[in-house]
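Q: If you scroll down you'll find the structure; I have some questions about it.
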Amino acid sequence: MAGWLLRRLGQIVPTLVILSFMVFGLQQLMPGDPAIILAGEERGDPVVLQQIREELRLDRPIWDQYLFWIGNVLQGDFGWSWRIRMPVSDLILEKLPVTAQLATMAFLIGVVIGVPAGILSATRRDTPTDWAANGVALFGISMPNFWLGIMMILLFSVELGWLPPSGYVPLWEDPVQSLATTIMPAFVLGTGVASVLMRHTRAAMLTALSQDYVRTARAKGLAEKVVVWKHALRNALIPVVTLGTIEFGRLLAGAVLTEQIFTIPGFGKLVVDAVFNRDYPVVQGVVLATALIFVLLSLVADLLYMAINPRLRQA
Amino acid sequence: MSAILELEDVARAFPVRDALGRAKGAVRAVDGVSLSVPEGAVLAIVGESGCGKSTLGRVMLRLIEADRGAIRFMGDDLRALKPDALRRRRRDMQLIFQDPFASLDPRMTVEEAVAEPLRLHGIVPRAQERERVAELMARVGLRPEQARRWPHEFSGGQRQRIAIARALASQPRLIVGDEPVSALDVSVQAQVINLLQDLIREFRLTFVLISHDLGVVRHIADRVAVMYLGRIVEEGPTAQVFHAPRHPYTRALLAAVPGQGVKAVPLEGDVPSPIDPPSGCRFRTRCPFAEAICTEQAPPLEGGSHAAACHLQHRLPPAVPPAEHDAGGERLRRLQAFFTDRKTNNTGATT
């Protein structure tokens, strides 16, 4: 077990290294010269441009830039934002709680809707309940988030005036206002998660319900409720838990469009703004941090999978 | 012997749908079966795969609902029981499945799986649960200290022993075994059959054995019912059915077993579709003796204690008597004898 964990942690390193190459390399393909953007009014002055390039090491070969950056990262220094003049790590720590709050709320909404809907749909297979649940799930998967977001703003903010259309208040400043500003984006993100979880819960439940051990449970004389909840669901949830963890990782990686629409200052908005400003250190730092979170969560998914699946416990 | 379980004209069909979900017909898996299971007897239901024997086994326990017919179990009309009463009744009727890898909940330890019926039906006080589980495990040849393990830690034979312990836990009167040994290795089969035979005797169980293995059936069954396309074509005491089969299908079935002795014309063609079975006698399309009447009328199952559903049963040429040599059964008996000697210490390690 300890050996497995070490090996698994070891796999994270090459993943992140390859990823860092890719982020760094892709930025070079971005049109536009960061020096020109940063120079602003003085973009016509070659001396200023040269000065900026030297300061930001943009005049060096790309491998040199990369090694300088990754060397600092390994020492815990993600560099400074070119634009905001703040350490990138501070920016990340500032935005992370926002995205974490949004992701947690969206995830809870997704689980609370998706899992029971999947169970209901499987136990009432081929009934109107099942068709309705499947239809709604298909809608939830296919519907673009930005469209649903705009529609919700139109209804709840513009027409009914119940919720603020955009902005964000931190949870510790004003919990009620904080929930009011995040409930719509969380719902928008949660519908997607709910749809995916519903489809998978349904499929896993249908598989479990057709197993002999479920027949055995019925033959024992157990009530149908016990058969479904104790025997079928406990087995069906094994893959769903893994999937849910990965979905949560995706939510934590930030929701670019949704955060943009609701102007939530989370990871998604941070990285989009950074891309437009050619703020390379921020883009690199956020992408790397997101990747790390995602990789760690998939490790958590594996651990959870082992914890709830007796077959893998001593493997 | 009085009947513990009686079926009367029981039928069950499964609708078949095309890709768009439109009804296309129905598979008549069980189509008018009447059968009586005497208390304390081992009744085998044999037939080719797809003949409906597994469906019949489940219908008789009302794990699958019948479309029509009557099922009487221990004096109750099983089909009329309310859900609560049916669940209480389940204590007396248990099931053992073919695949021991699928029939145990992978997220329950052996102890939990065996204890669940004890608790559900209040068989023993809670304090004695663990003790009873240990007794049951010992009885089926497992070490009681293995109770805390998970199903995946056991071999197929051991898992089937667990399934048997689980079935015994509620102290049932009737157990239906749906191919209980056919997923196991031959040597393990013999051990599990030994075990089943012992348990049947010890607990005075009534056992319905669903099997396609005539060697096993011949060995442990008191009575045999032969199924073909959802109907019983012959039913009678095992020795009589094996030595003097009265239905052409039974003859063909016996002839297909090497060393079983009965000579018969080999069957031609495939089993007709159960969606659209032949008129009259369902076997007529493959029967070497078929006459006009076989197309016109479905033959009733008649003949008393050894009955057959064949218009020509009294006019058939005599079956060639079976040779004394009986390879399949002989091998099984040798294996059984081999394992009987060491039954006391065969707990687990070899299965």
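The values are calculated or read from the model by the stated rules, or taken from the named source; none is laboratory data. Note that the structure is predicted; figures quoted are calculated from it, not measured. Cβ coordinates were reconstructed from backbone atoms using ideal geometry, including for glycine residues, and neighbour counts include every protein chain displayed. Accessible surface areas use protein heavy atoms only, side chains included; no ligands, DNA or RNA. Shrake-Rupley method; radii C 1.70, N 1.55, O 1.52, S 1.80 Å.
Q: Could you work out how far helix A:46-55 tilts from the main Cα principal axis of chain A, as a 0 to 90 degree angle to the nearest 10?
A: 50
Q: Could you tell me which of the pairs A:Lys230/B:Lys82; A:Lys95/A:Lys269; A:Lys220/B:Lys82 are separated by over 20 angstrom between their Cα atoms in the structure shown?
A: Violating the 20 Å Cα-Cα cut-off are A:Lys230/B:Lys82.
Q: Considering only protein heavy atoms, what per residue accessible area in square angstrom results for the protein assembly as shown with a 1.4 angstrom probe?
A: On the way: 30970 Å² over 666 residues.
Using a 1.4 Å probe on heavy atoms only, each residue of the protein assembly as shown averages 46 Å².
Q: List the residues, sorted by chain then number, that are 5 or more residues from B:Gln94 or on another chain and whose placed amide H is less than 5 Å from its amide H.
A: B:Leu174, B:Ile175, B:Val176
Q: Name the GluC sites (Glu not before Pro) in the stretch B:207-300 that are in a loop by DSSP and that have at most 12 other C-beta atoms within 10 Å, would you?
A: On the way: sites: B:Glu234, B:Glu235, B:Glu268, B:Glu291, B:Glu296; in loops: B:Glu268, B:Glu291.
Those that pass, being in a loop and sparsely packed, are B:Glu268.
Q: Taking a Cβ-Cβ separation under 4.7 Å as the criterion for a possible partner, which cysteines of the protein assembly as shown have none?
A: Lone cysteines by the Cβ rule: B:Cys51, B:Cys287, B:Cys310.
Q: Then there is this: Counting only DSSP beta bridges with both residues in the protein assembly as shown, tell me the antiparallel percent, nearest 5.
A: DSSP beta bridges in the protein assembly as shown are roughly 60 percent antiparallel.
Q: Can you pull the mean other chain C-beta count within 10 Å for peptide A:207-213? Before the final figure, lay out each step's value.
A: Numbers: counts 0, 2, 0, 1, 7, 12, 12.
Average neighbour count from other chains, rounded to a whole number: 5.
Q: Connecting C-alpha atoms closer than 10 Å in a GNM of chain A, tell me which of A:Val300, A:Val283, A:Val98 has the biggest fluctuation.
A: Of A:Val300, A:Val283, A:Val98, the Gaussian network model singles out A:Val300 as fluctuating most.
Q: Next up: Find the sum over both chains of the accessible area lost when A and B are paired, probe 1.4 Å, and report it in Å² to the nearest 100.
A: 2300
Q: Of the options A:Met151, A:Val23, B:Gln171, report the single residue whose Cα projects farthest towards the positive end of the charge dipole of the protein assembly as shown (beta-carbon charges: Lys, Arg +1; Asp, Glu -1).
A: B:Gln171
Q: Right, next: Order the peptides A:9-18, B:136-145, A:130-139 from the highest to the lowest mean number of other Cβ atoms within 10 Å of their residues.
A: Result, highest mean Cβ count within 10 Å first: B:136-145, A:130-139, A:9-18.
Q: Further, regarding this structure: Between the stretch A:192-261 and the stretch B:104-153, how many Å separate their Cα centres?
A: 28
Q: For the protein assembly as shown, what are the per-bin percents of Cα-Cα distances with bins 20 Å wide, up to the bin holding the maximum?
A: It works out to 15, 35, 25, 17, 7, 1, in whole percents.
Q: Continuing with the same structure: For the stretch B:26-140, which semi-axes, largest first and in whole Å, follow from the square roots of 5 times the eigenvalues of its Cα gyration tensor?
A: That gives 29, 18, 14 Å for the three semi-axes.
Q: Relative to the Cα centre, what is the charge dipole magnitude of chain B, using +1 at the beta carbon of each Lys and Arg, -1 at the beta carbon of each Asp and Glu, and rounding to the nearest 20 debye?
A: Approximately 640 debye in magnitude.
Q: Provide the solvent-accessible area of A:Trp229, counting protein heavy atoms only and rolling a 1.4 Å probe, rounded to the nearest 10 Å².
A: We get 140 Å² for A:Trp229.
Q: What distance in nm separates the two pseudo spin-label positions at A:Ser142 and B:Arg143, each 7 Å out from Cα along the beta-carbon direction?
A: About 5.9 nm separates the two model spin labels.
Q: Residues of the stretch B:157-180 with amide nitrogen under 19 Å from the 7 Å Cα-to-Cβ point of B:Asp76?
A: Once the point is set 7 Å along Cα→Cβ of B:Asp76, B:167-177 turn out to lie under 19 Å by backbone N, inside the stretch B:157-180.
Q: Now a separate question. Which trypsin sites (Lys or Arg not before Pro) in the stretch A:50-102 pass both tests, a DSSP loop state and at most 14 other beta-carbon atoms within 10 Å?
A: Qualifying residues, ordered by number: A:Arg57, A:Arg85.
Q: Take the alpha carbon gyration tensor of chain A, find the square roots of its eigenvalues, order them as a ≥ b ≥ c, and report rounded if a/c is under 1.5; if not, report prolate when a/b exceeds b/c, else oblate.
A: Cα axes put chain A in the oblate bin.
Q: With θ set to phi - 60°, apply the Karplus curve 6.51 cos²θ - 1.76 cosθ + 1.60 along the stretch B:20-29 and write out the HN-Hα couplings as whole Hz, x wherever there is a Gly or Pro.
A: 8, x, 7, 5, 10, x, 8, 7, 8, 5
Q: Using +1 on the beta carbon of Lys and Arg, -1 on that of Asp and Glu, and nothing else charged, what's the dipole of the stretch A:26-102 about the Cα centre, debye to 20?
A: 220
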